[in-house]
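Everything on this sheet refers to the single structure shown next.
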Amino acid sequence: MMEMSVTMLFAHKNLKLEIEKTAEVRVYGKGLEVARTFSYSYAVSDQIGCLFRYCSPHASHNKYHHQHVYDLVTRKQTNPPVRIDADEFPHIDEVIEEVLKQQ
């Protein structure tokens, strides 16, 4: 078993998507590899600050999948993080679609 961490940055017009993921990779016989993400953060921002961020559960707080939402003017977090069911958290392609809708 291996652990793999990746940080990727994508830019589209004035928006930036920062993806941080940590996955566990298991190698089975005949070269079959299976990866399971156990930690992630998808943060979307512009030149002013953060617009929204999705996070995996944390050990010490927000022990569930959640979304942080920020005020478009002040860029302060608007409310406590919004809880997301474990089977409903967005995959990267869905976050990218959400970023494109911001344009």
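In the chain, excluding the sites themselves, the longest stretch lacking any of the trypsin sites (Lys or Arg not before Pro) that are in a DSSP loop with at most 15 other Cβ atoms within 10 Å is 14-62.
Each Cα pair under 8 Å and six or more residues apart adds its separation to the average, and for the chain the resulting relative contact order is 18 percent. In this rough spin-label picture, where each label sits 7 Å from Cα along the Cβ direction, the residue 7-residue 28 distance is 3.4 nm. Distance distribution P(r), the chain, all Cα-Cα pairs, bin width 10 angstrom from 0: 14, 41, 31, 11, 3, 0 percent. Rounded to the nearest 20 debye, the dipole magnitude of the chain is 220 debye, with +1 charges on Lys and Arg beta carbons, -1 on Asp and Glu beta carbons, and the Cα centre as origin.
With contributions of -39500 (n - 2.57) from each DSSP H run of at least four residues, the per-residue ellipticity at 222 nm computed over the chain stands at -3000 deg cm²/dmol.
A simple spin-label model places pseudo-atoms 7 Å from Cα toward Cβ; at residue 48 and residue 67 they are separated by 1.9 nm. If you model the range 1-60 as an ellipsoid using its alpha carbon gyration tensor, with each semi-axis the square root of five times an eigenvalue, the axes come out at 30, 14, 7 Å, biggest first. For the chain, the longest principal axis of the Cα atoms and the long axis of helix 92-101 meet at an angle of about 20 degrees.
A short reminder: the numbers here are calculations on the coordinates, not readings from a lab. Since we're looking at a predicted model, the values are computed, not measured. Note that each Cβ is placed from the backbone with ideal geometry, even for glycine, and that neighbours are counted across all protein chains shown.
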